[in-house]
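Since the structure comes first, as structure tokens, the remarks are kept for the end.
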Amino acid sequence: MSEGGGGFGILPVELHSLILGFLDVKDAALCSSVSKTWKQVARHDELWKHMFFKVFGEVANQIGLTPDQQNPMESTWLKLTQEAGKNVTEYF
């Protein structure tokens, strides 16, 4: 993961998610256009798990979904975020 990432790719995945987690959904999705490395980072499921709970945390809590649980759907957190109303696929 060193191509065009400016050193970002050498960080652990948890730090990628933490750093990009400060962005809003649209900006996090736009990061995928920086380089191949950033595209991998911006599509990582841990980031989208964080984004899902950042955007839909109240609703998730109301239905009993917590961040320590597995995704209740047979899909990725990115897809769950999209299906919950935040369509970000146009940026990938």
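What follows draws every value from the coordinates through simple rules; no lab data is involved. These numbers were taken from a predicted model, which means no experiment stands behind them. Every residue, glycine as well, gets a Cβ built from its backbone with ideal geometry; the counts of neighbours run over all protein chains shown.
Relative contact order for segment 8-91: what is it in percent, counting Cα pairs under 8 Å that are at least 6 residues apart?
31 percent
May I ask you to compute the full-extension gain from Leu18 to Glu83, defined as 0.36 nm times their residue separation minus their alpha-carbon distance, rounded to one decimal in nm?
Numbers: separation 65, 0.36 × 65 = 23.40 nm, distance 2.28 nm.
So the chain would gain 21.1 nm between Leu18 and Glu83.
Karplus couplings for segment 41-54 from phi (6.51 cos²θ - 1.76 cosθ + 1.60, θ = phi - 60°), rounded to Hz, Gly and Pro as x?
Here the 3J(HN,Hα) series is 5, 5, 9, 5, 5, 4, 4, 6, 5, 4, 4, 4, 6, 5 Hz.
How much FRET efficiency would the formula 1/(1 + (r/R0)^6) give for Gln40 and Asn61, where r is the Cβ-Cβ distance and R0 is 30 Å, rounded to 0.05?
After rounding, the FRET efficiency stands at 0.50.
In nanometres, what is the gap between the two model label sites at Thr76 and Leu11, each 7 Å from Cα along Cα-to-Cβ?
If labels sit at Thr76 and Leu11, their model points lie 1.9 nm apart.
Could you tell me whether segment 8-91 comes out rounded, prolate or oblate from its Cα gyration tensor? Rule is a ≥ b ≥ c as square roots of the eigenvalues, rounded for a/c under 1.5, then prolate if a/b exceeds b/c, otherwise oblate.
prolate
What ranking do 69-79, 43-53 get when scored by the average of other Cβ atoms within 10 Å per residue, highest first?
Going by the mean number of other Cβ atoms within 10 Å, highest first, we get 43-53, 69-79.
What's the exposure ranking of Thr81, Thr37, going from fewest to most Cβ atoms within 10 Å?
Values: Thr81 24, Thr37 19.
Final ranking by Cβ density, sparse to dense: Thr37, Thr81.
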